[in-house]
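The structure appears below as structure tokens.
The values are calculated or read from the model by the stated rules, or taken from the named source; none is laboratory data. Keep in mind that what you see is a predicted model, and the values were worked out from it rather than measured. Every residue, glycine among them, receives a Cβ derived from its backbone with ideal geometry; neighbour counts consider all protein chains shown.
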Amino acid sequence: MVRVAGLRKSYGKNEALRGISFEVQQGSVFGLLGPNGAGKTTTLRILATLVRPSGGSAGVAGYDVVKQPLQVRASLGIVNGGMGLYERLTVKEILEFFGRFYGLEGTVLSERIAWADQTLGIGTALSRRVGEMSSGMIQKVIIARAILHKPPVLLLDEATRGLDVFARRALLDFVESYRADGRAVVYSTHVLPEAEEVCDRVGFLHKGRLLFQGTVEEAKENYGADSLERAFIMAAREVEA
């Protein structure tokens, strides 16, 4: 569902990505892991067709991000930790507004809003204005907005940032259910315990290079670590030694 091959991106003399490659299969969660500045957001922006790569290639749901950007965008849902919503609108008004961007109308749109409500547990908040809601509920609505068209690929970029423990748990549970529906998720984060819980495979991204990729257990075994976080730190220390 996601294919990245030799992907490079430079901003002047700064190499943000240095030839990374990975794939994400249907029905799986791939964790793109690393500290701030590792190149995670750049990778996701390229996949979302917001940034053109300097080299290599990338595809989403069989479409090339450079040659077929409209098809790629129709196949994606995107959530990051810094997104906002129109505070004066109700949740239902927001979902109806964005649903029409996806070409959803009438009964189909109503059914998709009901599905998103059931999937995320929005409940009575559908009729409330965004400005009256908690940060956790706002993040649920942001996710609902991103999945109304049931995209086969979901990109999550530091999506739990600023959430309390209950909202964080709801988001992680959602990721697992979205994968179970046969879709693919790219889960970008620097919070490695989250990735250890929800990811099928992970990639260690550090200073624009992919140092390791494999399952969580393979990562711990490879570096003789008792946690994914310790495995990442050992991988980073190896290349800096």
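Things to note:
- Pick from segment 33-51, criterion in contact with a strand residue (DSSP E or B) (Cβ under 6 Å, 6 or more places away or on another chain) and part of a loop (DSSP other than H, G, I, E, B), ranking: nearest to VAL202 (Cα to Cα): GLY34
- Pick from segment 156-185, criterion of a type in the set (Phe, Trp, Tyr) and surrounded by 18 or more Cβ atoms within 10 Å (Cβ to Cβ), ranking: farthest from PHE30 (Cα to Cα): PHE174
- Residue within segment 24-34 that is touching a Ser or Thr at 6+ places or on another chain (Cβ under 9 Å), under 21 Å from GLN213 (Cα atoms) and at pLDDT below 95 present: yes
- Residue-level analysis places SER188 outside the set of residues that are over 13 Å from the mean Cα position of the chain (by Cα) and of a type in the set (Gly, Ala, Ser).
- Only one of ALA146, ALA61, ALA38, ALA114 that is surrounded by fewer than 20 Cβ atoms within 10 Å (Cβ to Cβ) and touching a residue at least 40 places away in the same chain (Cβ under 8 Å): ALA61
- Considering segment 159-241, the qualifying helices (runs of 4 or more DSSP H), each wholly inside and each with 3 or more residues that are within 30 Å of ILE122 (Cβ to Cβ) and in contact (Cβ under 8 Å) with a residue 12 or more places away in the chain, run over 165-180, 192-198.
- Test: residue in segment 2-20 that is among the hydroxyl-bearing types (Ser, Thr, Tyr), in the same structural domain as GLU217 (by TED's automatic domain parsing), within 18 Å of GLN213 (Cβ to Cβ) and at pLDDT 95 or above: no
- Conditions (1) over 17 Å from the mean Cα position of the chain (by Cα); (2) part of a strand (DSSP E or B); number of the one not met by LYS92: (2)
- The single condition among (1) free of Cβ contacts under 8 Å to residues at least 12 places away in the same chain; (2) buried (at least 18 other Cβ atoms within 10 Å of the Cβ) that VAL72 does not meet is (1).
- Total residues in segment 38-61, condition more than 19 Å from ARG161 (Cβ to Cβ) and of a type outside the set (A, V, I, L, M): 8
- Pick from segment 35-49, criterion on the phi > 0 side of the Ramachandran plot and small (Gly, Ala, Ser), ranking: modelled with the lowest pLDDT: GLY37
- Residue list for segment 117-136, filter: without any contact (Cβ under 8 Å) to a residue 40 or more places away in the chain and either part of a helix (DSSP H, G or I) or exposed (fewer than 12 other Cβ atoms within 10 Å of the Cβ) (or both): ASP117, GLN118, GLY123, THR124, ALA125, LEU126, SER127, GLU132, SER135, GLY136
Conditions tested, residue by residue: (1) assigned to a loop (DSSP other than H, G, I, E, B); (2) surrounded by 15 or more Cβ atoms within 10 Å (Cβ to Cβ); (3) modelled with pLDDT under 95.
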| site | (1), (2), (3) |
| --- | --- |
| PRO53 | yes, yes, no |
| VAL79 | no, yes, yes |
| GLY103 | yes, no, yes |
| ILE138 | no, yes, yes |
| VAL141 | no, yes, yes |
| LEU154 | no, yes, no |
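- Residues located in segment 1-18, provided they are closer than 22 Å to ALA235 by Cα and surrounded by 16 or more Cβ atoms within 10 Å (Cβ to Cβ): VAL4, LEU7, ARG8, GLU15, ALA16, LEU17, ARG18
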